[in-house]
Amino acid sequence: MSVEVYYDDDADLGLIQAKKVAVIGYGSQGHAHALSLRDSGVDVVIGLPVGSKSRPKAEEQGLRVVTPAEAAAEADVIMVLAPDTVQRTLYAEAIAPNLAPGKALFFGHGFNIRYGFITPPAEVDVAMVAPKGPGHLVRRQYVDGKGVPVLVAVEQDASGNAFALALSYAKGIGGTRAGAIRTTFTEETETDLFGEQAVLCGGAAALVQTGFEVLTEAGYAPEVAYFECLHELKLIVDLMYEGGIERMRYSVSDTAEYGDLSRGPRVIDGRVKEEMRKILSEVQSGEFAREWIAEDDAGRPNFTKWRAEGAAHPIEETGRKLRGMMSWVDRPITETA
Ligand SMILES: NC(=O)C1=CN([C@@H]2O[C@H](COP(=O)(O)OP(=O)(O)OC[C@H]3O[C@@H](n4cnc5c(N)ncnc54)[C@H](OP(=O)(O)O)[C@@H]3O)[C@@H](O)[C@H]2O)C=CC1
Ligand SMILES: CC[C@](O)(C(C)=O)C(=O)O
Ligand SMILES: [Mg+2]
Ligand SMILES: [Mg+2]
């Protein structure tokens, strides 16, 4: 099935420049969208609760900050970039009372619409501009004159112009420099959750930790295991990013390539693929979404425990020491003004 991909020439920046945009939340995605929209000539206001720790950052970077309700009231386009778990309450308390015909409600991820935690009124546009990358890199790429690809979707087109407006927003954050794919809230939500669980975050982190454990438990130096299983992974993935798996295989030795071809499928075998299918079905059925919302409502007991266990894994201490000797690697995450 072919998709439509849109680039800068397909998008009219003037559409979003003619609107006032409220960015609700100023975290990983919020700061990136807000600063890049501002740099693209868009009138932006930030919505954050009184006492939010993000307020000083946004203000220091020259942005006007009001409460989420005030931002929603004054804006034409309301982009919801608070955590997925708070969005339903935020929507009910601060956004819904301030929606009116002609306004547009935007999301950076389809979770709350896809699983029915938010149901906007029919008279507003509902669209999504979802970058396919971490917010800090969305901003870094924009500043460097590049861009992170985005998925754009329209759930409700009350104005008849929702897609063009969303594409214009995507241009404002650099997304159409790399390519904007038109999709649906369902496709974005399900592929995004699957990708982060099975491959990008869950799969990759577990692969790295397990490789490190196997080497160190066999008596090899943790520093050697760290370079082998984590540090070099970035360099290998860089080659895949630049030219596909094919280019990575071109650059590595024939010995590595033979090991890759003959042993890789033993690591990621039929059982792993079956588990990935199960993970996908939990995403599709809404089981994962219900579990995550219940976990958050209960105060995140498992999340907190697992996060602490991950932070205490020996690979982290080894990595901190080694990265300390490579100033170009240990680049702090900053909200690039
Ligand atoms: N992280 C990423 O790169 C990506 C995220 N997304 C999506 O973007 C959205 C935002 O995620 P992310 O950027 O990771 O979020 P973060 O956790 O990085 O930031 C959340 C922001 O929302 C603020 N906030 C918390 N509660 C409220 C509230 N009640 N009202 C208004 N603001 C609030 C936080 O303030 P405080 O500092 O006070 O906590 C913080 O500024 C999600 O839908 C996510 O799925 C999509 C693509 C990638
Ligand atoms: C891969 C994780 C992500 O989906 C992202 C950065 O795209 C997220 O939700 O943060
Ligand atoms: Mg994602
Ligand atoms: Mg995600």
| said: Just to verify a result, which residue in region 120-155, among those that are away from ligand 4 (no atom under 16 Å from the Cβ) and surrounded by fewer than 18 Cβ atoms within 10 Å (Cβ to Cβ), is nearest to Phe194 (Cα to Cα)? | reply: Lys146
| message | Here is a list: Glu309, Glu295. Which entry is part of a helix (DSSP H, G or I), free of Cβ contacts under 8 Å to residues at least 60 places away in the same chain and farther than 24 Å from Val208 by Cα? | response | Glu295
| field | Unique residue being on the phi > 0 side of the Ramachandran plot and free of Cβ contacts under 8 Å to residues at least 40 places away in the same chain when the list is Gly195, Gly211, Gly219 | value | Gly219
| query | For region 44-65, how many residues are part of a strand (DSSP E or B) and either surrounded by fewer than 16 Cβ atoms within 10 Å (Cβ to Cβ) or within 8 Å of ligand 1 (Cβ to nearest atom) (or both)? | reply | 2
| said: Going by what's in this entry, would Ile95 be described as closer than 18 Å to Pro131 by Cβ and either at pLDDT below 95 or surrounded by 23 or more Cβ atoms within 10 Å (Cβ to Cβ) (or both)? | reply: no
| query | Hey, among Ala127, Ala158, Ala153, which residue is more than 12 Å from ligand 1 (Cβ to nearest atom), in the same structural domain as Ser28 (by the TED database) and part of a loop (DSSP other than H, G, I, E, B)? | reply | Ala158
| Which numbered condition Gly110 misses (of (1) more than 13 Å from ligand 1 (Cβ to nearest atom); (2) under 27 Å from Ala294 (Cβ atoms); (3) not β-branched (Val, Ile, Thr)) | (1)
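Out of Thr89, Thr85, Thr119, report the one residue that is free of Cβ contacts under 8 Å to residues at least 12 places away in the same chain, among the β-branched types (Val, Ile, Thr) and part of a loop (DSSP other than H, G, I, E, B). Step through it out loud before you land on a result.
Details: Thr89 fails: part of a loop (DSSP other than H, G, I, E, B); Thr85 fails: free of Cβ contacts under 8 Å to residues at least 12 places away in the same chain.
Every option except Thr119 fails the conditions.
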| task | Would you check which residues across region 185-217 are within 16 Å of ligand 4 (Cβ to nearest atom) and not hydrophobic (A, V, I, L, M, F, W, C) and list them? | result | Thr186, Glu187, Glu188, Thr189, Glu190, Thr191, Asp192, Gly195, Glu196, Gln197, Gly202, Gly203
| Got a sec? Which of Val267, Val237, Val283 is assigned by the TED database to the domain that holds Glu317, modelled with pLDDT of 95 or more and more than 21 Å from the chain's Cα centre (by Cα)? | Val267
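The values are calculated or read from the model by the stated rules, or taken from the named source; none is laboratory data. Keep in mind that what you see is a predicted model, and the values were worked out from it rather than measured. Every residue, glycine among them, receives a Cβ derived from its backbone with ideal geometry; neighbour counts consider all protein chains shown.
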